[in-house]
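Reading through the structure tokens given below for one structure.
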Amino acid sequence: MSAERTFPHAVESIGRARRYALEALGEAPTDILDSIAVMVSELATNSVRHAASPFTVAVDRDHQRVRVAVSDDGSRLPSLRTPEPREYSGRGLQIVRALADEWGVTENVGRPGKTVWFVVTIAPRVTRGGDATATTRPASASTGPGHASSGAARPRSNPPPRDAPRRGPACRAARLLNARRSG
């Protein structure tokens, strides 16, 4: 499944891009949808803040993985930052790095612009009897272009039980960032 849509350079486009990506994905585990929603929001926000152009969201999915790419005509390439706690911005790519299995930046050739992309793996979890019953994301590492990981696999936690209080993907991303800083 592949889908692509271009959005105008406007703040309202950020939420529209997020909803579009989730609608294009269809059914998927809640933790994966939450992570993708946060990452699309971060990349769309970067496009609106830093590129004076429309941006395009492309979603590709097969049974094993989801790849989302956000492209714009901005000439500045994004950089992974480590902002001070008092800074109000600069954490978008840190969040993408924490939530994605792979991510990167591809600069356009022969014209201005770039594409920032991420991949989230969807793999069946096998029970003792050998039945695939649920989906989770395996820990993985990437050496893809622009990937700022150390190359070490990151452990993934299972989603909380259904009756546990949910705090949302933004809080989960913040916890992952804090764990990286202290670890």
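The values are calculated or read from the model by the stated rules, or taken from the named source; none is laboratory data. Note that the coordinates shown come from a computational prediction; the quantities given were computed from them, not determined experimentally. Using ideal geometry, Cβ is built from the backbone for each residue, glycine included, and neighbour counts are taken over all protein chains shown.
Note on segment 19-41: residues that are crowded, with 18+ Cβ neighbours inside 10 Å, of a type outside the set (A, V, I, L, M) and in contact with a strand residue (DSSP E or B) (Cβ under 9 Å, 6 or more places away or on another chain) total 3. Just one of the numbered conditions (1) at pLDDT below 95; (2) among the acidic types (D, E); (3) closer than 13 Å to V119 by Cα is not true of D60: (1).
Only one entry in S47, S79 is surrounded by fewer than 21 Cβ atoms within 10 Å (Cβ to Cβ) and small (G, A, S), namely S79. Residues in segment 100-120: is at least one in a helix (DSSP H, G or I), modelled with pLDDT of 90 or more and within 11 Å of M39 (Cβ to Cβ)? No, the conditions are met nowhere in segment 100-120.
Within segment 3-20, residues that are among the β-branched types (V, I, T) sit with their Cβ atoms under 7 Å from residues that are surrounded by 14 or more Cβ atoms within 10 Å (Cβ to Cβ) and part of a helix (DSSP H, G or I), at 6+ positions apart or across chains, in these pairs: V11/V48; I14/S41; I14/A44; I14/T45; I14/V48. Comparison of R166, R67, R162, R172 shows that the only residue that is within 17 Å of the chain's Cα centre (by Cα), among the basic types (K, R) and at pLDDT below 85 is R172.
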